[in-house]
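Enquirer: What follows is a single structure, and I will ask about it in a moment.
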Amino acid sequence: MAKNQEKAQAFYIRDSAIEQLPESQVTDESVYLQRRTLLKRLGYLGAGALLSQHALSSSAHADVLGFFSNDDDKKSGFKRSPLTFSQPKAFDKTQAGEQLVLTPEKKVTTYNNFYEFGAKKDQPAEYAQDFKVNPWQLKIGGEVEKPITLDYDDLIKKFPLEERIYRLRCVEAWSMVIPWVGFSLAALIKHVKPTSKAKYVAFQTLYDPEQMPGQKSRFLGGGIDYPYVEGLRLDEALHPLSLMAVGLYGKTLPPQNGAPIRLVVPWKYGFKSIKSIVSIQLTERQPPTTWNILAPQEYGFYANVNPKVAHPRWSQASERRITTGGLFARNRIPTQLFNGYAEQVAHLYKDMDLTKYY
Ligand code: MTE
């Protein structure tokens, strides 16, 4: 194991330059604050949050500082374990002629969206450290011949793990490049043998307000009706790129990134990649999805990354890549159709109007 781990470490680019980026280079806070404007309009964010939408006031400023802070101590209570995994060439850093530069691990684990632990970027890393991930039960059922329940050890041992370096594009127009460790969702679905009625896959996050403060407080949790739910069409779920991730950077996931197991669908906006999953049900009908319930005109069921389909309140033509950059680099890059995975996934949508099915 240790050998595997060493290899993985050597494989990663660590970029110290990003530590020195000035505030102006950080992912647009204004963009996600706009998303929070919606929540505020709906009456869900507190007065402090309102202040920060109008200017980068003290609370937004704290987000930015948190993003660059070197003070890991208060955020490192959760213990992560090294994983054993293979590194298929298909998922290395060279993809479609692009040399992907990894987002530093510290950024991946401290700049998060996980509203169950708070709607601000630095809150999940702070409030999730005591989250209990073992014991865990993930139930897979619905339109299947062989429903199963996986416990914590099954998640890590039942299916061979591999590392997959994927771009993650948030609907808020920032992106990262993350070395996930996990297994194909297809392997799991085939294992339970879908019936002929199965057309969709519905996912659900743990509901445990005692552990997840955002589920208790509508102010902290952004007014979402928990549990957080997501869904895919069955053919999307069976696509080899759809990943059940149990780790990142060679170790088990930290809770703020969705421990012990989460979905990663790299060609869709990040909100489809639901965290800390306890239920996967195969269904005949399209399942409800959290952001679509909250604002259907803004967040569709499909949520495929598409530079030509703007969010009603901001453009999706470009994104802020949280990866590298010297002092003068802007890190603003054009957004790619299907987040750069068009060659692999475009056929899934060949007769669909992507502006209608956004
Ligand atoms: N899953 C749950 N249960 N709750 C959330 O708030 N946020 C989503 C997604 N999965 C979210 C979630 C959003 S908006 C994004 S961009 C990604 O998680 C962020 O994943 P990361 O924090 O690991 O980068």
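Enquirer: Output the residues belonging to the range 154-193 that are among the polar types (S, T, N, Q) and either more than 16 Å from Ile261 (Cβ to Cβ) or part of a loop (DSSP other than H, G, I, E, B) (or both). Working first, answer last.
Expert: Of the residues in the range 154-193, the ones among the polar types (S, T, N, Q) are 175, 184.
Selection gives Ser175 alone.
Enquirer: How about the range 208-222: which of its residues are touching a residue at least 24 places away in the same chain (Cβ under 8 Å), of a type outside the set (D, E, K, R) and surrounded by fewer than 20 Cβ atoms within 10 Å (Cβ to Cβ)?
Expert: From the range 208-222, those touching a residue at least 24 places away in the same chain (Cβ under 8 Å) are 211-215, 218-222; that's our starting set.
Remaining after also requiring of a type outside the set (D, E, K, R): 211-215, 219-222.
Selection gives Gln211, Pro213, Phe219.
Enquirer: Based on what the data block shows, is Ala186 of a type in the set (Gly, Ala, Ser), surrounded by fewer than 19 Cβ atoms within 10 Å (Cβ to Cβ) and in contact (Cβ under 8 Å) with a residue 24 or more places away in the chain? Write out each step before concluding.
Expert: Values: of a type in the set (Gly, Ala, Ser): yes; surrounded by fewer than 19 Cβ atoms within 10 Å (Cβ to Cβ): yes; in contact (Cβ under 8 Å) with a residue 24 or more places away in the chain: yes.
Yes, satisfied.
Enquirer: Among (1) surrounded by fewer than 21 Cβ atoms within 10 Å (Cβ to Cβ); (2) under 17 Å from Glu230 (Cβ atoms), there is one condition Val171 misses while meeting the rest; what is its number?
Expert: Of (1) surrounded by fewer than 21 Cβ atoms within 10 Å (Cβ to Cβ); (2) under 17 Å from Glu230 (Cβ atoms), only one is false for Val171: (1).
Enquirer: Looking only at the range 160-182, count how many residues are of a type in the set (A, V, I, L, M, F, W, C) and more than 20 Å from Ala90 (Cα to Cα). Please lay out each step first, then the result.
Expert: Quick first cut of the range 160-182, residues of a type in the set (A, V, I, L, M, F, W, C) only: 161, 165, 168, 170-171, 173-174, 176-178, 180-181.
Filter again for more than 20 Å from Ala90 (Cα to Cα), leaving 170-171, 173-174.
Within the range 160-182, residues that are of a type in the set (A, V, I, L, M, F, W, C) and more than 20 Å from Ala90 (Cα to Cα) number 4.
Enquirer: Same structure, new question: Among the residues of the range 203-260, write down those that are farther than 25 Å from Tyr349 by Cβ, among the hydroxyl-bearing types (Ser, Thr, Tyr) and not in a strand (DSSP E or B).
Expert: Of everything in the range 203-260, those that are farther than 25 Å from Tyr349 by Cβ, among the hydroxyl-bearing types (Ser, Thr, Tyr) and not in a strand (DSSP E or B) turn out to be Tyr207, Ser217, Tyr226, Tyr249.
Enquirer: Follow-up question, since we're still on this one. Just to verify a result, which residue in the range 133-152, among those that are more than 16 Å from the ligand (Cβ to nearest atom) and in a loop (DSSP other than H, G, I, E, B), is surrounded by the most Cβ atoms within 10 Å (Cβ to Cβ)? Walk me through it before giving the result.
Expert: Residues of the range 133-152 that are more than 16 Å from the ligand (Cβ to nearest atom), as a first pass: 134-135, 137, 139-152.
Those left that are additionally in a loop (DSSP other than H, G, I, E, B): 134-135, 143, 145-147.
Working: Asn134: 12, Pro135: 9, Glu143: 20, Glu145: 9, Lys146: 10, Pro147: 14.
Selected residue: Glu143.
Enquirer: What pairs come out if I take residues in the range 126-150 that are without any contact (Cβ under 8 Å) to a residue 40 or more places away in the chain and pair them with residues that are surrounded by fewer than 20 Cβ atoms within 10 Å (Cβ to Cβ) whose C-beta lies under 7 Å away, six or more apart or interchain?
Expert: Pro135/Asp151; Pro135/Tyr152; Thr149/Gln137; Thr149/Lys139; Leu150/Lys158
Enquirer: Among the candidates Thr283, Thr290, single out the residue that is closer than 27 Å to Gln137 by Cα, hydroxyl-bearing (Ser, Thr, Tyr) and surrounded by 20 or more Cβ atoms within 10 Å (Cβ to Cβ). Even if it seems obvious, please write down each step before you answer.
Expert: On the way: Thr283 fails: surrounded by 20 or more Cβ atoms within 10 Å (Cβ to Cβ).
One residue alone meets the criteria, Thr290.
Enquirer: Of the residues Gly231, Gly250, which single one is modelled with pLDDT of 95 or more and either under 22 Å from Lys89 (Cβ atoms) or touching an Asp or Glu at 6+ places or on another chain (Cβ under 6 Å) (or both)? Full working, then the answer.
Expert: Values: Gly231 fails: either under 22 Å from Lys89 (Cβ atoms) or touching an Asp or Glu at 6+ places or on another chain (Cβ under 6 Å) (or both).
Within the list Gly231, Gly250, the selection yields Gly250.
Enquirer: Taking the range 227-281 only, how many residues are in contact with a Pro (Cβ under 8 Å, 6 or more places away or on another chain), among the hydroxyl-bearing types (Ser, Thr, Tyr) and near the ligand (Cβ under 8 Å from one of its atoms)?
Expert: 1
Enquirer: Further question: Restricting the range 282-293 to residues that are more than 14 Å from the ligand (Cβ to nearest atom) and among the polar types (S, T, N, Q), which is farthest from Ala346 (Cα to Cα)?
Expert: For the range 282-293, the residue satisfying everything is Thr283.
Enquirer: If we scan the range 99-122, do we find a residue that is within 17 Å of Val278 (Cα to Cα), surrounded by fewer than 20 Cβ atoms within 10 Å (Cβ to Cβ) and either away from the ligand (no atom under 16 Å from the Cβ) or at pLDDT 95 or above (or both)?
Expert: no
Enquirer: Any residue that is within 14 Å of the ligand (Cβ to nearest atom), closer than 30 Å to Gly223 by Cβ and either at pLDDT 95 or above or part of a helix (DSSP H, G or I) (or both) - is there at least one of those in the range 46-64? Steps first, answer last, please.
Expert: Initial filter on the range 46-64 (within 14 Å of the ligand (Cβ to nearest atom)): 63.
Checking which are closer than 30 Å to Gly223 by Cβ leaves us with 63.
The next check asks that each one be either at pLDDT 95 or above or part of a helix (DSSP H, G or I) (or both); those that pass are 63.
Within the range 46-64, one or more residues are within 14 Å of the ligand (Cβ to nearest atom), closer than 30 Å to Gly223 by Cβ and either at pLDDT 95 or above or part of a helix (DSSP H, G or I) (or both).
The values are calculated or read from the model by the stated rules, or taken from the named source; none is laboratory data. A quick note: this is a predicted structure, and the numbers were derived from the prediction, not measured. Ideal geometry is used to build each Cβ from the backbone, glycine not excepted, and the neighbour counts take in all protein chains shown.
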